[in-house]
Amino acid sequence: MKSLLKIAFVLGIVVSFSSCKDNLKPNYQYMPNMYESVAYETYSESGAFNSPTGLKGKEGQLPAEGSIKRGFVPYGIPNTTEGYNFSKTITTSPLDSTTLDIKKAEELYGIYCAICHGTAGDGQGKLVKQQKFLGVPNYKDRQITVGSIFHVQTYGLNSMGSYANQLSQQERWMIAAYVLELKSKL
């Protein structure tokens, strides 16, 4: 009796293994879309967000109206001549002495500003000496405050572009304080 059970058990195992494998037909898949997903072209248009507005699938990528990104503090002064004149009245930085790192500000100034304005703030940077840009002002000749420097870094002025995407607000305030320090040395 025991040998008959052993033979039946072994025969059951052999049958179960042989029944799962068939070289002529593929095996069954429980969830085929998990194994073989639909291939999408990386930069192709998607019909997932089609709407009658004509945005062609882009409204799903737009942020909600009135939302701001996390950690961002909006700059309330507009990019106008009146806004620039008002920014000249701001004479104090919102950074306190613990968050103002002059060494870091000097490094950032060297990376972003010194190429045009010069390391001393005299308007004689490398691009000015090579005559790629002309008319870069000397800080000594300008009536600037920490607010006007921050405003120009945020929005840009004349041929200088905005650095709001490259520098955070704290870094722009640090550079503004460093520019005033350079102005006092000139």
Checking F150 against (1) at pLDDT 90 or above; (2) surrounded by fewer than 18 Cβ atoms within 10 Å (Cβ to Cβ), which test does it fail?
(2)
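Provide a single number: the residues in region 168-186 that are of a type in the set (A, V, I, L, M) and touching a Phe, Trp or Tyr at 6+ places or on another chain (Cβ under 7 Å). Steps first, answer last, please.
Kept after step one, since they are of a type in the set (A, V, I, L, M), are these residues of region 168-186: 174-177, 179-180, 182, 186.
Narrowing the set further to residues that are touching a Phe, Trp or Tyr at 6+ places or on another chain (Cβ under 7 Å) leaves 175-176, 179, 182, 186.
The total comes to 5.
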Looking at (1) more than 20 Å from I102 (Cβ to Cβ); (2) open to solvent by less than 60 Å² (accessible area, probe 1.4 Å), which is the only condition N158 fails?
(2)
Within region 169-180, is there a residue that is under 19 Å from T81 (Cβ atoms) and surrounded by 14 or more Cβ atoms within 10 Å (Cβ to Cβ)?
no
Exactly one of these conditions fails for S51: (1) open to solvent by less than 60 Å² (accessible area, probe 1.4 Å); (2) at pLDDT 75 or above; (3) part of a loop (DSSP other than H, G, I, E, B). Give me its number.
(2)
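With respect to I144, determine if the residue is modelled with pLDDT under 90 and either under 26 Å from P78 (Cβ atoms) or open to solvent by 80 Å² or more (accessible area, probe 1.4 Å) (or both).
Details: modelled with pLDDT under 90: yes; either under 26 Å from P78 (Cβ atoms) or open to solvent by 80 Å² or more (accessible area, probe 1.4 Å) (or both): yes.
Yes: the conditions hold for I144.
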Unmet requirement for E82, which otherwise passes all of (1) modelled with pLDDT of 75 or more; (2) open to solvent by less than 100 Å² (accessible area, probe 1.4 Å); (3) of a type outside the set (K, R)
(2)
Residues located in region 114-138, provided they are open to solvent by 20 Å² or more (accessible area, probe 1.4 Å) and within 20 Å of Y84 (Cβ to Cβ):
C116, H117, G135, V136, P137, N138
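How many residues are without any contact (Cβ under 8 Å) to a residue 40 or more places away in the chain and either at positive phi or not small (G, A, S) (or both) when one looks only at region 98-112? Outline the logic, then answer.
Within region 98-112, the subset without any contact (Cβ under 8 Å) to a residue 40 or more places away in the chain is 98, 103, 107, 110-111.
From the residues that got through so far, the ones that are either at positive phi or not small (G, A, S) (or both) too are 98, 103, 107, 111.
Counting residues in region 98-112 that are without any contact (Cβ under 8 Å) to a residue 40 or more places away in the chain and either at positive phi or not small (G, A, S) (or both) gives 4.
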May I ask you to verify whether S67 is at pLDDT 80 or above and in contact with a His (Cβ under 6 Å, 6 or more places away or on another chain)?
no
What number of residues within region 147-162 are hydroxyl-bearing (S, T, Y), in contact (Cβ under 8 Å) with a residue 24 or more places away in the chain and more than 23 Å from Q131 (Cβ to Cβ)?
3
Only one of these is touching an Asp or Glu at 6+ places or on another chain (Cβ under 7 Å) and surrounded by 13 or more Cβ atoms within 10 Å (Cβ to Cβ): L95, L108, L100. Name it.
L108
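The values are calculated or read from the model by the stated rules, or taken from the named source; none is laboratory data. Predicted model only: the values in this text are computed from it and were never measured. Cβ coordinates were reconstructed from backbone atoms using ideal geometry, including for glycine residues, and neighbour counts include every protein chain displayed. Please note that ligands, DNA and RNA were not included when accessible areas were found on the heavy atoms of the full protein model with its side chains. Shrake-Rupley method; radii C 1.70, N 1.55, O 1.52, S 1.80 Å.
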